[in-house]
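S.K.: I'd like to ask some things about the structure below.
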Amino acid sequence: MIGVASATFLLLHAVPGDPAREILGEHATARSVAALNHSWGLDRSLWHQFVRYIGDLARLRLGNSFVSGTSVTSLIAARIGQTAALVGIATVFAVLITVPLAAVAASHRDRVHDHAVRGLSVLGLGMPSFWVGIVLIEVFAVHLKLLPVGGAGSGIGGHLEALILPGFTAALAIVPLLVRSLRVGMLEVLNADFVAAERANGLGEVRVLVWHVARNALIPTLTLLGLNIAYLVGSTVIVEQVFALNGLGFLLLQSITARDFPVVQAITLVLALSVVAINLVTDLVAARLDPRIRLR
Amino acid sequence: MSIEPDQKITRRRLLRQGAAGSALLAAGPLLASSPARAAELRHTADARAAASIKKGGTLTFARSVAPTQLDPANSIIAGDVYTLDKIMEPLYVTSPAGALTPWLAESHTVSSDNLTWTFNLRKGVKFSNGNALTAKDVVFSIHRAATNKNGPLSFLDAAIKTIKASGSNQVVVKLSEPWAPFLSDISVFANAIIPANYGGVTEKAFFAKPVGTGPFVLNSFSPSSNLTLMPNRHYWQSGKPYVDKVQINYVSDDNQRVLQLQGGQAEIIDAVPPANVASLKATSGIDIGLFAAWEVDLLVFNEKLPYFADRHVRRAITHAIDREALVKATSFGTAKPGGSFFPPSLQYYAANTPLLNFSLSAAKAELAQSKYPHGFSTKLLISGGVQKWSEFAQVIQQALAPLNIKVAITALDHAAYEQAFQGFHYEMFIDYAINDISDPDEMASFEVDVKNGGSTSYWSSYDNPTAISLVHKAEAEFNDAKRADLYAQIQAIVAGDAPFVPLDYPPYIYGTTSKVNGFAVNPGGAYRLENVWLS
C-alpha cells in the first residue's frame, strides 16, 4: 500500500496543472494563487509534502478536498456504497450469465450452440462499456421505459432498479473472459472418468453439468472472477460516468481533472485496498471449495 | 414589485412559436431597449401567465456541472455559481435580455462626481430564516466579497473605497475613482447578500446550510454531486417560486443528459451538444433553447514569439480562416461566426466593426508584407477531450496550409493546458473568453489591458497603448453614447491588430420537456428558477 500511495503522490505532482488555478479561475492574480497553494502546503518542497502525506496517512488522516473543502473521508463515505453496490450487482450478473452460457457451450462442444456462445464472447470483448451502456439505455429506458436512464434512484427499490443497467453493462465487460474460462474448465472435467461414471450411474445431464462439472470447473473461474472483479472496480470510472452514478470512480475522474490531490490520493488507496481485499476473499473461497488448496 | 418584461414573456412561449419565436429571442436586447414595447408585452404576458400558471411539482434538472460549495465570495465554477444564486441574491441582477434589473435594491442614485453611490433597499425582503434584510447585511456581504483575498471575482469590487449603512434601508458606497461599470460589478453573484456575521454562526457552518433572500433554500447537498432545493417560505416575490422542489443532478456525460431528457427523467438539461440539437428539436415533447451568451471562442497568438509579434502574420491568419465555414462544420447551425472580440449580446457591441473577413488573396497579401512571406511552422495548443476544440484546430490547420504555415496540434488535459498557456508555453491556443457581468469593461480590460487587465491581454501579450487608454476612458465615462463610441473604437483597433481571432459566438443550449414553462437564461449563463412552472 505504501508503494501505491507513493506512486500516486509522485505521479500527481509530476503531472502539470495547478490546483489553485483550477479553483480560482482565470481572473486569479498570481498572489492569490500563491496564497492558496501556500495554505495547502503546495509551496513546500516535494519531499516535505511527501513526508507529511505519509505521516498523515499513518494517522489515517486523509485531509480535505481542495475543491469543496469537505473532508475526504466524508466524500468517500458518501460514495463508496454506490460503487460497492455497482460492483456487487455486476458480479452477480456476471455469474448468472456466465454459468449457463458456459454449460451450454461445453455440453454442445463444436456444435451450433458452442459456436454461438464463443462468437458472442468474441463480440462481447469488442464492445466498449460506454457504447453498450448507451444502447441499453436507449432500448430499456428511453423506448421501453422499463428502467431509469441514469442516476442513483431513491429508496431501496429505486436504487436497485437504477443499478440494473449499469450492473449489466459492467458485467458484460468481463463475461466473455469468464465464459471462455469456465467452458474450457468444464470441457476438461467433462472428459474426466468420474463424469462418465456418474452418467453411467444414470444421473441426468443437467445435474451432472451443474452439480459436478461446473463445481469442479469453478476453481480456475473463481480465480479469474476475483481478478476481474478488481477490473470491475476500475471500470466503474466509465460505467458511473455513462449512467450518472456519482460513485467513487466518477469522483476520481472529477478529482483528477481538478487536480484535487487529497481526493485522488485517497480514492486510489481505497481502490487498491479493495482489490487486495477481493483477491484475499477469492483465495479464501477457493480454499474452502477445494480442500487441495491450503493457505500457508 | 417589478419583474423585467422578458422574464414574463417566457422563452418557452417564444420557442414554441418557431421561427418567429427565434427572431424574437434574437431580438431580446432590442425588446429591453424599447420601453413602450416592453411594457405592452409585459401587460399581455402578465395576463396570460396569471391565467395559466400551475403550482407544484418537482423540477429535475440534469446539469453538466456539479456544485462543490456555496460561498458566493469564493466561487467561480458554474456548478457553484448557478446553484448559490437560487439561494442568495445581489442588489441588482442581469435579466435574460442582458439588462441590469433592481433586485434587493429598489433603486440607486449616483452623486454628481460619480463617486458616491446610494442604494435604496427593497422593503419587506426577508431572509429564509424569517429575519428582515437590513443595510447592515448588505455592508457585511459586499465588504466581505471585496476584501476576500482569494475571491476569484473580488477584483470587480476594487473601486470600492468605503461601504456604509445609512439607516436600516440604505447603503452608501464611496468609490476611489469614477467607475462606470460599478452597477454591473455590484450585480455579480459574488456580491450576493447574506446575514451580517453569518447570522451568528461560524462561516463554515453558515455555508453548509446558507441563508439568503433567494427563492429557494438548501434541502440536501452532497458536494460534487446532487443537490435539492425547497421553496423559501419568506421569499419576497409573493407566490413564487412555483415548483415545490428542485432536484439538481450532476450528470457530466453529454449522452446521459440527452437520454435523461428523452426518457423523461429530467425536465431541463444544460450544455446540449450541438450535434443533438436538430434531432431533439424534431422530438415531440422536447424543446431546445438557444440563449445568446457573453462568450467568444478565440484563437490566441503568443506575441512573445517573433512571427506572432508581426501584425501582418496575425492579420494574414485571420483572413485565412473562413469562420462561416468553421461554424457550419462544427456547430450544426447553433453558433454564429466570429467578428468583433465582443459578442453581439454584449453591451456596446459594434456591429459595424471593420473586420478582416475571409479572403485567401488578402491573407497571402498580408503574409507577403510580413517578415515571414514563405510561411513557418507552429504549434496549436488545445484542451484535450473537447470535441469542438479538436474540430476547430483541424479546420485552422487546413486553413493555414495555403499560406505555408504548418500547424502541429497539441492536446493537453485541461489543467495542464491552462498551466501551459498561462505560463506562455504555447505558440497559438484556442479558448473561450466570457464576460461575467453585463458591462463590457471586464472583457475589454482582460483582453486588451496588458498590464492591469489580469491576463496579459488574454495571455497574448498584445500591447496597444491607444486601445488601453480607450479602455480606461470608457471605465470613467458615464455618458452612454460616448461609452458606446469608445468601445466601438476599441473593437475596431483590436480587429485591425488581430491579437486573437474571434472564431465564433456559441450560445447556451438547453433542452427542456414541454412541461417546463418560464425558463430563461441570461447572457452570463445564469437562470432564475422562481419563474419556472410545470404544466
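S.K.: Does at least one position in the range A:247-255 carry a residue that is surrounded by 24 or more Cβ atoms within 10 Å (Cβ to Cβ), under 25 Å from B:Ala416 (Cβ atoms) and touching a Gly at 6+ places or on another chain (Cβ under 9 Å)?
M.R.: yes
S.K.: Which one of these is away from chain B (no Cβ under 14 Å), out of contact with any Pro (no Cβ under 6 Å at 6 or more places or on another chain), more than 22 Å from A:Val242 (Cβ to Cβ) and among the polar types (S, T, N, Q): A:Ser74, A:Ser107?
M.R.: It is A:Ser107.
S.K.: Search the range A:119-157 for residues being loosely packed, with under 13 Cβ neighbours inside 10 Å and among the small types (Gly, Ala, Ser), and hand back the single one that is farthest from the other protein chains (Cβ to nearest Cβ).
M.R.: Per the criteria, the residue is A:Gly119.
S.K.: Right, something else. Taking the residues in the range B:387-419 that are within 14 Å of chain A (Cβ to nearest Cβ) and in a helix (DSSP H, G or I) as candidates, determine which candidate is modelled with the highest pLDDT.
M.R.: Looking at residues that are within 14 Å of chain A (Cβ to nearest Cβ) and in a helix (DSSP H, G or I), I get B:Tyr417.
S.K.: Could you say which residue among A:Arg199, A:Arg259 is more than 14 Å from chain B (Cβ to nearest Cβ) and either out of contact with any Ser or Thr (no Cβ under 8 Å at 6 or more places or on another chain) or crowded, with 19+ Cβ neighbours inside 10 Å (or both)?
M.R.: Result: A:Arg199 is the single residue among A:Arg199, A:Arg259 that is more than 14 Å from chain B (Cβ to nearest Cβ) and either out of contact with any Ser or Thr (no Cβ under 8 Å at 6 or more places or on another chain) or crowded, with 19+ Cβ neighbours inside 10 Å (or both).
S.K.: Go through (1) farther than 22 Å from B:Ala205 by Cα; (2) part of a helix (DSSP H, G or I); (3) not hydroxyl-bearing (Ser, Thr, Tyr) and name the single condition A:Leu60 misses.
M.R.: (2)
S.K.: While we're here: Quick check, is B:Gly57 out of contact with any strand residue (DSSP E or B) (no Cβ under 7 Å at 6 or more places or on another chain) and at positive phi?
M.R.: no
S.K.: Additional query: On the basis of being small (Gly, Ala, Ser), closer than 30 Å to A:Asn64 by Cβ, at pLDDT 85 or above and outside any helix (DSSP H, G or I), does A:Ala244 make the cut?
M.R.: Yes.
S.K.: Before we move on, is A:Arg52 in contact with a Leu (Cβ under 7 Å, 6 or more places away or on another chain), charged (D, E, K, R) and not in a strand (DSSP E or B)?
M.R.: Taking the combined requirement at face value, the residue does not satisfy it.
S.K.: From B:Ser345, B:Ser284, which residue is within 27 Å of the chain's Cα centre (by Cα), polar (S, T, N, Q) and in a loop (DSSP other than H, G, I, E, B)?
M.R.: Matching residue, one of B:Ser345, B:Ser284: B:Ser345.
S.K.: Of the conditions (1) more than 30 Å from A:Pro166 (Cα to Cα); (2) surrounded by 21 or more Cβ atoms within 10 Å (Cβ to Cβ), A:Thr98 satisfies every one except a single condition; which number is it?
M.R.: Exception for A:Thr98: condition (1).
S.K.: Continuing with the same structure: Any residue at all in the range A:42-52 that's within 14 Å of another protein chain (Cβ to nearest Cβ) and either of a type in the set (A, V, I, L, M, F, W, C) or surrounded by 15 or more Cβ atoms within 10 Å (Cβ to Cβ) (or both)?
M.R.: Yes, because at least one residue in the range A:42-52 is within 14 Å of another protein chain (Cβ to nearest Cβ) and either of a type in the set (A, V, I, L, M, F, W, C) or surrounded by 15 or more Cβ atoms within 10 Å (Cβ to Cβ) (or both).
S.K.: Further question: Conditions: (1) at negative phi; (2) within 10 Å of another protein chain (Cβ to nearest Cβ); (3) surrounded by 16 or more Cβ atoms within 10 Å (Cβ to Cβ). A:Val15 meets all but one. Number of the miss?
M.R.: (3)
S.K.: For the structure I just gave you, tell me whether B:Leu360 is at pLDDT 95 or above, of a type in the set (A, V, I, L, M, F, W, C), closer than 21 Å to B:Tyr432 by Cβ and out of contact with any Phe, Trp or Tyr (no Cβ under 8 Å at 6 or more places or on another chain).
M.R.: No.
S.K.: Quick one: count up the residues across the range B:211-222 that are closer than 19 Å to B:Ile194 by Cβ, assigned to a loop (DSSP other than H, G, I, E, B) and either of a type outside the set (Ser, Thr, Tyr) or within 14 Å of another protein chain (Cβ to nearest Cβ) (or both).
M.R.: Residues in the range B:211-222 being closer than 19 Å to B:Ile194 by Cβ, assigned to a loop (DSSP other than H, G, I, E, B) and either of a type outside the set (Ser, Thr, Tyr) or within 14 Å of another protein chain (Cβ to nearest Cβ) (or both): 4 in total.
S.K.: If the requirement is being within 29 Å of B:Thr283 (Cα to Cα) and under 19 Å from the mean Cα position of the chain (by Cα), which of these qualifies: A:Pro176, A:Pro148, A:Pro128?
M.R.: Sole residue among the options that is within 29 Å of B:Thr283 (Cα to Cα) and under 19 Å from the mean Cα position of the chain (by Cα): A:Pro128.
S.K.: I've got another one for you. Look through the range B:135-171, keep the residues that are out of contact with any helix residue (DSSP H, G or I) (no Cβ under 8 Å at 6 or more places or on another chain) and under 21 Å from B:Tyr198 (Cα atoms), and return whichever of them is farthest from the other protein chains (Cβ to nearest Cβ).
M.R.: B:Ala135
S.K.: For the subset of the range A:22-35 comprising residues that are within 7 Å of chain B (Cβ to nearest Cβ) and either closer than 16 Å to B:Asp80 by Cβ or under 32 Å from the mean Cα position of the chain (by Cα) (or both), which member is surrounded by the fewest Cβ atoms within 10 Å (Cβ to Cβ)?
M.R.: Among residues in the range A:22-35 that are within 7 Å of chain B (Cβ to nearest Cβ) and either closer than 16 Å to B:Asp80 by Cβ or under 32 Å from the mean Cα position of the chain (by Cα) (or both), the one surrounded by the fewest Cβ atoms within 10 Å (Cβ to Cβ) is A:Gly25.
S.K.: Please enumerate the residues belonging to the range B:73-93 that are more than 14 Å from chain A (Cβ to nearest Cβ) and either modelled with pLDDT of 95 or more or under 17 Å from B:Arg144 (Cβ atoms) (or both).
M.R.: B:Asp85, B:Lys86, B:Ile87, B:Met88, B:Glu89, B:Pro90, B:Leu91, B:Tyr92, B:Val93
S.K.: Let me ask something else. Just to be sure I understand, how many residues within the range A:151-169 are closer than 24 Å to B:Leu227 by Cα and under 21 Å from the mean Cα position of the chain (by Cα)?
M.R.: The qualifying residues number 11.
S.K.: Another question, then. Within the range B:236-258, can you find the residues that are in contact with a Leu (Cβ under 6 Å, 6 or more places away or on another chain) and either surrounded by fewer than 20 Cβ atoms within 10 Å (Cβ to Cβ) or part of a loop (DSSP other than H, G, I, E, B) (or both)? If you could, list the steps in order and put the result at the bottom.
M.R.: So the first thing to find is which residues in the range B:236-258 are in contact with a Leu (Cβ under 6 Å, 6 or more places away or on another chain), and the list is B:243, B:246, B:248.
Listed by number, the list holds a single entry, B:Val243.
S.K.: Tally the residues that are more than 9 Å from chain B (Cβ to nearest Cβ) and of a type in the set (Gly, Ala, Ser), restricting the search to the range A:242-256.
M.R.: Looking only at the range A:242-256, we keep the residues that are more than 9 Å from chain B (Cβ to nearest Cβ), and these are A:245, A:247-249, A:252.
Cutting the leftovers down to of a type in the set (Gly, Ala, Ser) gives us A:247, A:249.
Total meeting the criteria: 2.
The values are calculated or read from the model by the stated rules, or taken from the named source; none is laboratory data. Note that the structure is predicted; figures quoted are calculated from it, not measured. Positions of Cβ are generated from backbone atoms using ideal geometry, with glycine treated the same way; all protein chains shown enter the neighbour counts.
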